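Student: Okay, handing you the structure first.
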Amino acid sequence: MRNISKIDMECGIINYWWCNDNGAILTAYALQQTLYDMGYANQLINLDTDEKNYGISKRFRKYMHVTAPVVNDEDFYNLNKSFTSFIVGSDQVFRAEWVSNHWFLDFVNDDKNKIAISASYGKNTLDVSKKRELEIRYLLSRFNSISVREKQGVDLSRKLGVKAVNIIDPVFYLSKNEYIEKLNIKSDANSGKYIFVYFRDLKDNKIAICENYARDMQCDLFYADDNTQVEIFLEKLLNSEFVITDSYHGLCFSLIFNKNYICIVNEMRGLERFNSLRDTFGLNEKCFIDEKISHYELEYEIYAENWEKLNHDIGIKSCEAKKWISAALGKKKKTNKLRILIKLFNLKKYIFLRKISEYIKNVCSYIVICASKKYKKDNIILFGAGLYGQKAAKQYNGRILFFIDNSKNKKWIAGYPVFTLKKASKFMDKNKKIIITTSPTYQNEILQQLTDNGYINVEKFKDAESDNV
């Protein structure tokens, strides 16, 4: 443990340090070590309370400093007592469809320093609802300093109303020799020639590519996977003849260790980060191939980077990143409170208007139902606005008053309004016939739910009982 002076700021860090992903673990490790080397005490916030989920990070945890488990919202807010600054980063920590608002520091007090270090949105758009986007806009406006890993992230940040700068991934902040020395990696531990293979998505076509390279180079193949311990991952990559990977961090460590490589671009896991890294360092485009390419079409060549130039560029970009981090931690910027209030107002206004809209829609639906001439003794109500509900709508068309469904997101089906049971019960006759139009798996549960609420005229949709779908 390094000696940290009393004036140093303590930082709480949110990222993917617990997982079965060597790249994510090493990203967290590199950032933490860099902050310690810069003189800042810090801890990784423990968001995974079940240690059996730690995977390969469980053994590697001896190299990292981690908080006690954060179990509930109270634990989150209590973190404000422990840290002066909160850091989000790096990796796809801003991928909105993957993370909660805690990753945008919704629990952090206004007087705390909030920083994003080389954060990634994962893509160049936010694939979330309008409400969630407004929440993220508001939360980002509370950050004091934001840096992003991809150049496209700068543009997306601007669209979200905040300023961001582009800095490289933390794994580049430590040198090849630092990884070797800090983690006791042996540089001559392996005998024989082999190709290091690291795929996040293993497919037959990729295996065929590896086998063809191995045959041409007269090498064995070493496949690293989610169970490969971190030190072994680095040691095997370091001592390999060649690297084949579809992993962003597999590519990063190929560059750090100066290993010739082929990168099979993995679009599903974030195409932007591959493109940004390639543009940042001017990497050889021939080293990148599309994962859809057939192994029959590929020219099995080995293309080398200009390692001397690349190492120099990595050093420059690493220094720039550390300089930015030091400034972000050392000098707290003034928060634009007016901008934050405007974004908060827009969020509150949107939520209010949406609730009013839903209320008016439900009232109108109720009026239509009550005023309809169809409200006769033979009218029915269908419980279940899914596949079987659509099927029943065709069978009972003309007799249906409305649908009931436990999902709050369903509003209309087959031209009929959909209510939750709670809302429907405010105007629904207890004697009105209800047909349960859900999967047979849930019919008994719903029958019991309706019976408990006093509805006596209930039956199951017979076509669902006989259906094998």
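The values are calculated or read from the model by the stated rules, or taken from the named source; none is laboratory data. Not measured: the values here are computed from a predicted model. Heads up, the Cβs are rebuilt from the backbone with ideal geometry, glycines too, and the neighbour counts pull from every protein chain shown. What goes into the accessible areas is simple: the full protein's heavy atoms, side chains included, and nothing from ligands, DNA or RNA. Shrake-Rupley method; radii C 1.70, N 1.55, O 1.52, S 1.80 Å.
Student: Within the set of pairs 6+ apart or on separate chains, which have a first residue in the range 313-324 that is within 19 Å of Arg278 (Cβ to Cβ), a second that is small (Gly, Ala, Ser) and buried (at least 17 other Cβ atoms within 10 Å of the Cβ), and C-beta atoms under 9 Å apart?
Tutor: Correct list of pairs: Ala321/Ser118; Ala321/Ser147.
Student: Still on this structure, please answer the following. Suppose the filter is at pLDDT 80 or above and either open to solvent by less than 40 Å² (accessible area, probe 1.4 Å) or not in a loop (DSSP other than H, G, I, E, B) (or both); does Lys394 pass it?
Tutor: yes
Student: Out of Glu241, Glu235, which single residue is surrounded by 15 or more Cβ atoms within 10 Å (Cβ to Cβ) and touching a Cys at 6+ places or on another chain (Cβ under 8 Å)?
Tutor: Glu241
Student: For the range 135-166, what are the residues that are open to solvent by 20 Å² or more (accessible area, probe 1.4 Å), closer than 25 Å to Cys252 by Cα and not in a helix (DSSP H, G or I)?
Tutor: Matches in the range 135-166: Val165, Asn166.
Student: Can you find a residue that is among the aromatic types (Phe, Trp, Tyr) and open to solvent by 30 Å² or more (accessible area, probe 1.4 Å) anywhere in the range 279-299?
Tutor: yes
This table checks each residue for (1) among the basic types (Lys, Arg); (2) open to solvent by 10 Å² or more (accessible area, probe 1.4 Å).
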position: Ala68; (1), (2): no, yes
position: Lys81; (1), (2): yes, yes
position: Ala119; (1), (2): no, no
position: Thr125; (1), (2): no, yes
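Student: Next up: Please go through the range 256-278 and pick out each residue that is open to solvent by less than 30 Å² (accessible area, probe 1.4 Å) and closer than 19 Å to Tyr213 by Cβ.
Tutor: Passing the criteria: Phe257, Tyr261, Ile262, Cys263, Ile264, Val265, Asn266.
Student: Given (1) open to solvent by less than 50 Å² (accessible area, probe 1.4 Å); (2) of a type outside the set (A, V, I, L, M, F, W, C); (3) more than 21 Å from Asn266 (Cβ to Cβ), where does Asp169 come up short, assuming only one miss?
Tutor: Unmet for Asp169, out of (1) open to solvent by less than 50 Å² (accessible area, probe 1.4 Å); (2) of a type outside the set (A, V, I, L, M, F, W, C); (3) more than 21 Å from Asn266 (Cβ to Cβ): (3).
Student: Kindly provide the set of residues from the range 59-76 that are in contact with a Phe, Trp or Tyr (Cβ under 8 Å, 6 or more places away or on another chain) and closer than 12 Å to Trp17 by Cα, ordered by number.
Tutor: Those that are in contact with a Phe, Trp or Tyr (Cβ under 8 Å, 6 or more places away or on another chain) and closer than 12 Å to Trp17 by Cα: Phe60, Arg61, Tyr63, Met64, Val66.
Student: Go through (1) in a loop (DSSP other than H, G, I, E, B); (2) modelled with pLDDT of 95 or more and name the single condition Tyr179 misses.
Tutor: (1)
Student: Is there any pair with a first residue in the range 424-444 that is charged (D, E, K, R) and a second that is open to solvent by 20 Å² or more (accessible area, probe 1.4 Å) whose Cβ atoms are under 7 Å apart and which are 6 or more apart or on different chains, and what are they?
Tutor: Lys430/Gly454; Lys430/Ile456; Lys432/Asn457; Lys433/Asn457
Student: Something else now. Quick one: in the range 397-434, of everything that is aromatic (Phe, Trp, Tyr) and over 23 Å from Gln448 (Cβ atoms), which residue is modelled with the highest pLDDT?
Tutor: Tyr416
Student: Which members of the range 179-211 meet the condition of being open to solvent by 30 Å² or more (accessible area, probe 1.4 Å), free of Cβ contacts under 8 Å to residues at least 60 places away in the same chain and of a type outside the set (A, V, I, L, M, F, W, C)?
Tutor: Residues satisfying the conditions are Glu181, Asn184, Lys186, Ser187, Asp188, Asn190, Ser191, Gly192, Lys193, Asp204, Glu211.
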